[in-house]
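Shown next, in structure tokens, is the structure this report addresses.
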Amino acid sequence: MPSICALCGGGCDDVVCAACREAYARPRQARCGRCANPLPLSAESVAAPACGACLAFPPAFDATVAAVDYAIPLDQLVLQLKFGARLALAPWFARRIRDAALATAALPLPDLLCPVPLGPNRLVERGFNQALEIARPLAAALGVACHPALALRTLDTRAQSGVAPSVRADNVRGAFAVADPDLVEGRHVGLVDDVMTSGHTLGELAATFKRFGAARVTNFVFARTPPH
């Protein structure tokens, strides 16, 4: 069915037209293989390059795939999905993540995908979990299983966007649990979210999975907030 591009308003056959996708959603090639922060273009020739922060203080997750940078105008798409309930954007996000994953050299696909869980109060308020809406089509696109309730949020923490960067790690510490440890032990778990900013939420969730025996954890996010 004909549609209207969520960015330019022009007619198209998808939620974002081909011109806007080409202009704004082309994958960034030079990213840290661990946290997906931008790297100099000279790093493109290095297999799974790492930034200085990840070399000095390795996070609990092993890799991150990010489709785009969280920047104008793509940030508006994230807001439309998360706060405007424009759920048709979620499969489009999933396709961009799939393309970025398949374009990442030597990246092993996960055994299963798990969306980052929302706290119960925020889930009731929003009515859906945007990470799950992305995870379902992404799992189908990659040919892996999606386990929506594998991760549990045991603490209803404040939204990270409303917390000072210096206390974001403390805000999510101990916030997660694993519902089925037998499903995790020895396996490669993929975590799905819409945006990765500081990385503390995904890092805490990855550490939780590692404590339950996960062999590897990879983040799959639509947008990565560049360091300021």
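So the values come out like this:
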quantity	calculated
Length released on extending from Leu55 to Ala207, taking residue separation times 0.36 nm less the Cα-Cα span	53.0 nm
DSSP bridge orientation in the range 28-224 - percent antiparallel, rounded to nearest 5	15 percent
The chain, helix-only ellipticity at 222 nm - DSSP H runs n ≥ 4, -39,500 (n - 2.57), divided by all residues, nearest 500	-9500 deg cm²/dmol
Equivalent ellipsoid semi-axes - Cα gyration tensor, the range 30-123, angstrom	26, 16, 14
Reported label for calculated Cα extents along the principal axes in Å given (1) 58, 37, 34; (2) 48, 45, 37; (3) 53, 43, 35	(2)
Per-residue Cβ neighbour rank within 10 angstrom, fewest leading, Glu125, Glu204, Glu133, Glu185	Glu125, Glu185, Glu204, Glu133
Three-way shape call for the range 92-144 based on the alpha-carbon gyration tensor, with the a/c threshold at 1.5	prolate
Magnitude of the charge dipole, the chain, Cβ model with Lys/Arg +1 and Asp/Glu -1, debye to 20	220 debye
Residue order, fewest to most surrounding Cβ atoms within 10 angstrom, among Val144, Val16	Val144, Val16
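Just so you know, all these numbers are worked out from the coordinates, no wet-lab data involved. Not measured: the values here are computed from a predicted model. Note: ideal-geometry Cβ built from the backbone for every residue, glycine included; neighbour counts use all protein chains shown.
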